[in-house]
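Undergrad: The structure is given below, and queries will be raised subsequently.
The values are calculated or read from the model by the stated rules, or taken from the named source; none is laboratory data. Everything quoted here is computed from the prediction, not taken from an experiment. In this analysis, Cβ positions are derived from the backbone assuming ideal geometry, glycine residues included, and neighbour counts consider all displayed protein chains. Note: accessible area is taken over every heavy atom of the protein model, side chains too, but ligands, DNA and RNA are not part of it. Shrake-Rupley method; radii C 1.70, N 1.55, O 1.52, S 1.80 Å.
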Amino acid sequence: MKKKTFRTIKGKVSIMMIATSIILIIGVLFAARVVSERNVVKICENYLYDVCISASDTLYESFWGDTEQTDLSVRIEYILNSVGIENMKSSEACLVDREGVYLYSKDRNKLGTVIEGNSVIQAVLDRYKTEDVITTANVGECVVDGTEKYVAFICTVNDWVLFVQADKAEVLQPISEMNRYCTIVGIVLVAVIILIGYIITTIIFYK
């Protein structure tokens with residue numbers, strides 16, 4: 001009877017240790033994911049913003065006071081062609097005038113057409129309907145053609161609106177990879193904890 005009681009206590013202690021450890025591991029992994037995702041998003045937003053500001057400065061240098069704007073498309077292409085986040089395929093720079101007409105996009109079919117579906121940029125263009133000069137620069141988030149995007153924008157020279165955008169999924173890809181790694185580590189830790197718990201309780205309650 002006494003031996004059976006010890007086995008019952010041993011089982012309960014083992015379950016308690018394992019359950020507590022699993023809860024702690026899950027809690028730590030969840031907290032790490034939240035913090036990491038927030039940091040990655042913030043870094044990306046800041047980088048998009050800085051890239052946007054830098055490209056805007058170059059546009060000012062090239063077009064400020066230039067009323068003739070000769071070779072407009074060629075010069076804009078030269079300035080904005082390589083603007084974006086390195087190794088992030090979805091990141092790109094676009095330029096529209098105050099009416100929303102594309103002056104530059106990697107998608108050549110958009111050139112000369114009016115921007116659609118980008119609520120972040122549309123909000124800026126709506127301000128041009130009542131304001132002559134806008135100096136706003138910011139980062140927002142919206143859905144474009146069914147894809148979630150981060151969008152950094154600045155109202156630049158000639159009342160143009162320059163924006164640099166990237167797919168949210170690609171921005172968060174490092175988080176997904178880290179989550180897979182953390183899941184594997186978590187499973188290994190749980191297995192180790194179960195083994196250690198079994199050994200400890202066996203030693204304590206060995207009869």
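Undergrad: Please report the base-10 log of the normalised intensity I(q)/I(0) for region 70-130, using a Debye sum with one equal scatterer per alpha carbon and no solvent, at each q in 0.20, 0.24 (1/Å).
TA: With one equal scatterer per Cα and no solvent, log10 I(q)/I(0) is -0.84, -1.07.
Undergrad: Starting from the Cα of Asp57, move 7 Å in the Cα-to-Cβ direction to define the label point; list residues of region 111-149 whose amide nitrogen is under 17 Å from there.
TA: The answer is 137-138.
Undergrad: Between Asn158 and Ile23, what is 0.36 nm times their sequence separation minus the Cα-Cα distance? Round to one decimal in nm.
TA: 42.9 nm
Undergrad: Here's something else I'd like to know. Using a ≥ b ≥ c from the Cα gyration tensor of region 59-202 (square roots of the eigenvalues), is it rounded, prolate or oblate, where a/c under 1.5 gives rounded and otherwise the larger of a/b and b/c decides, a/b for prolate?
TA: Since a/c reaches 1.5 and a/b is larger than b/c, the shape of region 59-202 is classed as prolate.
Undergrad: So, taking all protein chains as they sit and a 1.4 Å probe, how much accessible area belongs to Cys142, in Å² rounded to tens?
TA: That residue has around 10 Å² of solvent-accessible surface.
Undergrad: Rounded to the nearest 0.05, what FRET efficiency is calculated for Thr113 and Thr136 with R0 set to 22 Å and r the Cβ-Cβ distance?
TA: Computed FRET efficiency for Thr113 and Thr136: 0.40.
Undergrad: Over all distinct alpha-carbon pairs, what is the Kirkwood Rh of region 97-181 in angstrom?
TA: By the Kirkwood definition, the hydrodynamic radius is 14.0 Å.
Undergrad: A further question on this structure: State the extension gain, in nm to one decimal, for the chain segment bounded by Tyr181 and Ile196, taking 0.36 nm per residue of separation less the distance between their alpha-carbons.
TA: Residue separation times 0.36 nm, minus the Cα-Cα distance, leaves 3.2 nm.
Undergrad: Could you pull the Rg and Dmax for region 25-116, using just the Cα atoms, both in Å?
TA: Final numbers for Rg and Dmax: 17.9, 64 Å.
Undergrad: Just the number please: accessible area per residue for region 43-182, 1.4 Å probe, all protein chains included, in Å².
TA: On a per-residue basis, 54 Å².
Undergrad: Here's another thing I want to ask about it. Between Lys89 and Lys106, with labels modelled 7 Å along Cα→Cβ, what's the label distance in nm to one decimal, could you check?
TA: My value for the distance between the label points is 0.9 nm.
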